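First the structure, which I've put down as structure tokens, then a few questions once you've had a look.
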Amino acid sequence: MQPTGKVFLVGAGPGDPRLLTLRGRELLSRADVVLYDALVHPELLDLARSGTELSFVGKRGGQPSARQTRINQRMIDAARAGKLVVRLKGGDPFLFGRGTEELRALAAAHVPFEVVPGVSSPSAAAAYAGVAPSHRALSSSVAYVTATESSEKDASVHDWSTLATATQTLVIFMGMRKLESLAQLLITHGRSAETPAAIVEWASLPRQRSLVAPLGEIAGRAREQGLAAPALFVVGEVVGLRDELRWFDRLPLFGKRVLVTRPRHQARAFSRRLREAGAEAVERPSVRIVDPRDPARLSQAARDLPSYQAVVFTSANGVTRFLDAIAEDSGDARRFGQALVAAIGPKTAAALAERGLVADVVPREYRGEAAASAVLEALAARGMNRARVLLPRAEVAREVLPEALREAGHEVDVVPAYRTLPPDAAGQSELRRLCTEGRLDVVTFTSSSTVTQLWEALGEDALELLSKLTLASIGPITTATAEALGLKVAVTATEYTTEGLARALEAHYGSASNDGDD
């Protein structure tokens, strides 16, 4: 008899994927089935292991949604089949969701379950919008109320005559479609029309918008600004502290939607850095990293490594591909012997370090000419005037470095370790959609190939589409590639790393506070 599995109701948090609990992360990495809600950040689904069944069962007001009975049955059936099921719910499972209903269905079916709390939307609004529900001097009582009640009720159970003034702070969920009538109910039942009130839309995400206004004006102002669900409605004197407490919408890149075009396996650190500055990082690679046309040359170079006096790496991809080739030939780092190892750029050096190798040379300047000088100096310092140098790199790249080494008398073998290609048809279509829908602010280029491949993906409309956006480049070589196509690059990093690019974007948009409301 197959053992029964288990269902975990996991709170996904309010939106920012960094707010998922450690327990939630652990369970997502182990799950056989993930049933997720509408407001769950898509990045959380990347935490699931390969082969996990991912199924959207979310509900949004006014839109077709999965029936709750069907969701319940899917959990029961999967658990009875011996699977570990994660029911991933926005915010906290027990705060104005259907968590209790789902657990009762599981209990009735004798299916084991566990609840993993999540960061709730009011907690997120308090932290990210500076609208704290409580304050020792202003509010020692808070009421959380949902404006959307069960359709099975004959009438609302809310006694607004009491509720309007029962607590010093009132937090209303799911009230945007009734905002005007809610505000009027509160005023009719004793709240002053001058009471500070706030709407926080998309709390904790870069698209967050906050509006502060007197209770009597809040509905009209929200309508003028087009605020809509998901949003929280907060009423109370604590709202008046927002200007002192706000921090998120004052970040230098707050609200900017930034396209990250580098390959997905290299994008995460850069995307994380952009989010820390308040941006929404949209990862859509404009390049694919694939095998070179002649993989046998790379394999042969891995076997012949002991015959080289120096190895120069120009990218993290070159490091990964070459060391993988050594491993596939049953070799390891010992094959480098006494060879001088050079890494052009700190990211390349970091990729070597991850594989247990420390670069002997990391030029301060990453451009070809300066990098060549640094490598030549290191070779000369070792008394190598005619060294045999291996350069595993992209199949198409600048010739400045190998030519400078050859001119100095060294024998240089340039071995293609990988190729960069444009994304597949689906990826190209997604890039075109992003660049045409009008919701992007910035496009980042981290290499010349990300420029040329995005240009190719966008086709004949590339110049028109990209000219409407702020283009940001990792360095002058990448900028020159873009400008050769007729593009205007607004931001060029002076430190040729993704960290340098992030800092350049921050400087471009300025460090002054970004109001974003009121």
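The values are calculated or read from the model by the stated rules, or taken from the named source; none is laboratory data. What you see is a predicted model, and the numbers here were worked out from it, not measured in a lab. Cβ placement follows ideal geometry from the backbone for every residue including glycine, while neighbour counts extend to all protein chains displayed.
Criterion first (more than 20 Å from the chain's Cα centre (by Cα), of a type in the set (A, V, I, L, M, F, W, C) and at negative phi) does residue 442 satisfy it?
Working: more than 20 Å from the chain's Cα centre (by Cα): no; of a type in the set (A, V, I, L, M, F, W, C): yes; at negative phi: yes.
Considered against the rule, which asks whether it is more than 20 Å from the chain's Cα centre (by Cα), of a type in the set (A, V, I, L, M, F, W, C) and at negative phi, residue 442 comes out as no.
While we're here: Give the residues of the range 187-218 that are within 23 Å of residue 124 (Cβ to Cβ) and without any contact (Cβ under 8 Å) to a residue 60 or more places away in the chain, sorted by residue number. Spell out the reasoning first.
Taking the range 187-218 as the starting set, the residues that turn out to be within 23 Å of residue 124 (Cβ to Cβ) are 195-213, 215, 218.
Within the range 187-218, 195, 196, 197, 199, 201, 215, 218 meet the criteria.
Of the conditions (1) out of contact with any helix residue (DSSP H, G or I) (no Cβ under 9 Å at 6 or more places or on another chain); (2) under 30 Å from residue 175 (Cβ atoms); (3) among the aliphatic types (A, V, I, L, M), residue 290 fails just one. Which one is it?
Failed condition: (2).
While we're looking at this one, here's another question. Confirm whether residue 321 is basic (Lys, Arg) and outside the structural domain of residue 398 (by TED's automatic domain parsing).
Values: basic (Lys, Arg): yes; outside the structural domain of residue 398 (by TED's automatic domain parsing): no.
No: the conditions fail for residue 321.
Identify the residue in the range 245-256 that is within 19 Å of residue 503 (Cβ to Cβ) and charged (D, E, K, R) and, among all such residues, is nearest to the chain's Cα centre (by Cα).
256
Has the range 449-468 got at least one residue that is without any contact (Cβ under 8 Å) to a residue 40 or more places away in the chain, closer than 21 Å to residue 264 by Cβ and basic (Lys, Arg)?
So far as the range 449-468 goes, no, none of its residues is without any contact (Cβ under 8 Å) to a residue 40 or more places away in the chain, closer than 21 Å to residue 264 by Cβ and basic (Lys, Arg).
A further question on this structure: Take residue 509 and tell me if it is more than 30 Å from residue 369 (Cβ to Cβ) and aromatic (Phe, Trp, Tyr). Spell out the reasoning first.
Working: more than 30 Å from residue 369 (Cβ to Cβ): yes; aromatic (Phe, Trp, Tyr): yes.
So residue 509 fits the description; yes.
While we're here: Report those helices (runs of 4 or more DSSP H) wholly inside the range 10-96 carrying at least 2 residues which are of a type in the set (D, E, K, R) and touching a residue at least 24 places away in the same chain (Cβ under 8 Å). Walk me through how you get there before you give the answer.
Working: elements: 22-30, 42-45, 68-80.
Fully inside the range 10-96 and qualifying: 22-30, 68-80.
Do we have residue 218 as β-branched (Val, Ile, Thr), crowded, with 22+ Cβ neighbours inside 10 Å and farther than 18 Å from residue 142 by Cβ here? Spell out how you get there, then give the answer.
Numbers: β-branched (Val, Ile, Thr): yes; crowded, with 22+ Cβ neighbours inside 10 Å: yes; farther than 18 Å from residue 142 by Cβ: yes.
Spelling it out, residue 218 is indeed β-branched (Val, Ile, Thr), crowded, with 22+ Cβ neighbours inside 10 Å and farther than 18 Å from residue 142 by Cβ.
Restricting to the range 371-386, give me the number of residues that are outside any loop (DSSP other than H, G, I, E, B) and in contact (Cβ under 8 Å) with a residue 24 or more places away in the chain. Show your work before the answer.
Of all residues in the range 371-386, those outside any loop (DSSP other than H, G, I, E, B) come to 371-381.
Right, trim to in contact (Cβ under 8 Å) with a residue 24 or more places away in the chain and you get 371-376, 378-379.
Final tally of qualifying residues: 8.
Residues to consider are 289, 326; find the one that is farther than 13 Å from residue 391 by Cα and either at pLDDT below 95 or hydroxyl-bearing (Ser, Thr, Tyr) (or both). Break it down stepwise before answering.
On the way: 326 fails: either at pLDDT below 95 or hydroxyl-bearing (Ser, Thr, Tyr) (or both).
The unique qualifying residue is 289.
Considering every residue within the range 380-392, establish whether at least one is under 23 Å from residue 489 (Cβ atoms) and either touching a strand residue (DSSP E or B) at 6+ places or on another chain (Cβ under 7 Å) or of a type in the set (Phe, Trp, Tyr) (or both). Working first, answer last.
Here is the first cut: in the range 380-392, the residues under 23 Å from residue 489 (Cβ atoms) are none.
No, every residue in the range 380-392 fails to be under 23 Å from residue 489 (Cβ atoms) and either touching a strand residue (DSSP E or B) at 6+ places or on another chain (Cβ under 7 Å) or of a type in the set (Phe, Trp, Tyr) (or both).
Just the residues that are free of Cβ contacts under 8 Å to residues at least 24 places away in the same chain and either within 18 Å of residue 19 (Cα to Cα) or touching a helix residue (DSSP H, G or I) at 6+ places or on another chain (Cβ under 7 Å) (or both), please, taken from the range 249-271.
268, 271
Being aliphatic (A, V, I, L, M), modelled with pLDDT of 95 or more and farther than 30 Å from residue 275 by Cβ is the filter here; which residues of the range 92-138 pass it?
Result: 103, 105, 106, 107, 108, 109, 111.
I'd like to verify a number: residues in the range 386-402 that are more than 20 Å from residue 365 (Cβ to Cβ), modelled with pLDDT under 95, over 30 Å from the mean Cα position of the chain (by Cα) and among the hydrophobic types (A, V, I, L, M, F, W, C), how many?
The number of residues fulfilling the criteria is 1.
Applying the selection to the range 263-292, what residues are farther than 16 Å from residue 442 by Cα and hydrophobic (A, V, I, L, M, F, W, C)?
Listed by number, the residues that qualify are 269, 287, 289, 290.
Of the residues in the range 335-360, how many are polar (S, T, N, Q) and closer than 15 Å to residue 312 by Cβ? Break it down stepwise before answering.
Let us first name the residues in the range 335-360 that are polar (S, T, N, Q), namely 338, 348.
Checking which are closer than 15 Å to residue 312 by Cβ leaves us with 348.
Adding up the residues that qualify gives 1.
Now for a different question. Is the range 11-23 home to any residue that is buried (at least 16 other Cβ atoms within 10 Å of the Cβ) and within 22 Å of residue 80 (Cα to Cα)? Explain how you work it out, then say what you get.
Filtering the range 11-23 for residues buried (at least 16 other Cβ atoms within 10 Å of the Cβ) gives 11-17, 19-21.
Going one step further and asking which of them are within 22 Å of residue 80 (Cα to Cα), we end up with none.
No; the residues of the range 11-23 include none that is buried (at least 16 other Cβ atoms within 10 Å of the Cβ) and within 22 Å of residue 80 (Cα to Cα).
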